[in-house]
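First up is the structure itself, then whatever we jot down about it.
The values are calculated or read from the model by the stated rules, or taken from the named source; none is laboratory data. As the structure is a computational prediction, the values presented were derived from the model and not from experiment. As a convention, Cβ positions derive from the backbone with ideal geometry for all residues, glycine included, and neighbour counts pool all protein chains shown.
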Amino acid sequence: MKTIVITGSSRGIGLGLAQSFLDRNCQVVISGSTVESTNLARDRLQAKYPETKIFALACDVRKYAELKQLWEQSKAHFGTIDIWINNAGVSHSRLPVWKQEVTEIDRVIEINLTGAIYGCKVAIAGMLEQGFGAVYNLEGSGSDGGKIANFTLYGTTKYAIRFLTESLVQETKGTKVLVGAISPGMVITDLLLGTTDNNSEPTKRKQVRTVLNILADRVETVSPWLVDRVLANNKNGTRIAWLTKAKAAYRFLTAPFNKRDFFADLKEE
């Protein structure tokens with residue numbers, strides 16, 4: 001039975017991954033940024049899964065000491081940690097960098113990038129000591145170098161995540177620790193809706209919704225697929241990607257025959 005730690009797992013894709021790991025008889029550590037959100041996610045999961053397979057501890061990934069505590073308490077609770085997933089991330093208002101508040105810039109960089117670096121430091125050091133383990137970093141829009149207007153700050157952090165992961169793959173060669181990447185594609189979550197929908201002008205918002213209805217998927221569709229491949233992987237440097245270029249091209253080609261509307265319940269402004 002494998003033990004999985006997922007940062008930023010009180011909602012969204014992180015919570016979806018946690019549910020899919022539990023469905024596969026794994027032990028899971030839930031961790032949100034606040035005690036309230038973490039306990040809410042824990043209670044939600046414990047209503048469906050055995051309490052003995054779930055451990056919850058809030059963690060602000062901007063603070064190294066809290067990530068260190070997450071490792072230590074999770075290990076003390078379950079004995080070992082097989083997989084650590086750096087999933088915690090935030091987005092920002094769709095504004096150019098020069099219009100972003102300094103506090104917002106700091107927040108996005110500290111959570112998306114510094115938090116992932118801290119998480120890698122804690123997890124890899126701990127796994128080298130225990131003699132095995134795998135660390136995965138969540139990619140996102142910008143990881144492949146693609147640019148989206150007014151999304152520069154988020155994209156910059158995700159481009160850096162790709163570099164971080166690839167560099168750590170090199171640094172862990174010859175060890176018992178694997179480093180890899182998870183690319184969930186466009187997943188319908190509060191984070192995605194809040195940044196690509198609410199901050200857009202009406203015309204732009206319609207265009208964004210059209211693209212999302214073609215390319216995006218729900219958490220419950222993507223998570224099981226990703227988890228199966230994470231559990232099966234035994235190679236360093238593996239990148240597990242849901243939305244490949246080939247799949248995206250096929251989606252656009254078949255869009256006229258496959259109508260989807262993730263926004264049917266949202267009111268137009």
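Out of Ile81, Ile105, report the one residue that is assigned to a loop (DSSP other than H, G, I, E, B) and either in contact with a strand residue (DSSP E or B) (Cβ under 6 Å, 6 or more places away or on another chain) or among the β-branched types (Val, Ile, Thr) (or both). The unique qualifying residue is Ile81. Filtering the stretch 236-260 to residues that are basic (Lys, Arg) and either surrounded by fewer than 10 Cβ atoms within 10 Å (Cβ to Cβ) or not in a loop (DSSP other than H, G, I, E, B) (or both) leaves Arg239, Lys245, Lys247, Arg251, Lys259.
Going through (1) at pLDDT 95 or above; (2) of a type outside the set (Asp, Glu); (3) under 18 Å from Arg239 (Cα atoms); (4) buried (at least 18 other Cβ atoms within 10 Å of the Cβ) one by one, Val187 falls short only on (1).
Restricting the stretch 92-122 to residues that are at pLDDT 95 or above and closer than 24 Å to Val219 by Cβ leaves a set whose member that is surrounded by the fewest Cβ atoms within 10 Å (Cβ to Cβ) is Arg107. Checked across the stretch 74-91, the condition of being more than 30 Å from Ile148 (Cα to Cα), touching a Lys or Arg at 6+ places or on another chain (Cβ under 8 Å) and surrounded by fewer than 21 Cβ atoms within 10 Å (Cβ to Cβ) holds for at least one residue.
Taking the conditions exactly as written (assigned to a helix (DSSP H, G or I), modelled with pLDDT of 95 or more and either under 24 Å from Ser223 (Cβ atoms) or in contact with a Gly (Cβ under 9 Å, 6 or more places away or on another chain) (or both)), does Ala88 satisfy them or not? So Ala88 does not fit the description; no.
Taking the listed residues His92, His77, the one that is under 17 Å from the mean Cα position of the chain (by Cα) and farther than 23 Å from Glu166 by Cα is His92, with no other qualifying. Scanning the stretch 123-160 for residues that are β-branched (Val, Ile, Thr), surrounded by fewer than 23 Cβ atoms within 10 Å (Cβ to Cβ) and under 25 Å from Lys68 (Cα atoms) gives a single hit, Ile124.
Residues satisfying the criterion are absent from the stretch 137-153 (criterion: of a type in the set (S, T, N, Q), out of contact with any helix residue (DSSP H, G or I) (no Cβ under 9 Å at 6 or more places or on another chain) and in a helix (DSSP H, G or I)). Remark: Ile13 falls outside the filter, which requires a residue to be farther than 22 Å from Arg218 by Cα, β-branched (Val, Ile, Thr) and assigned to a helix (DSSP H, G or I).
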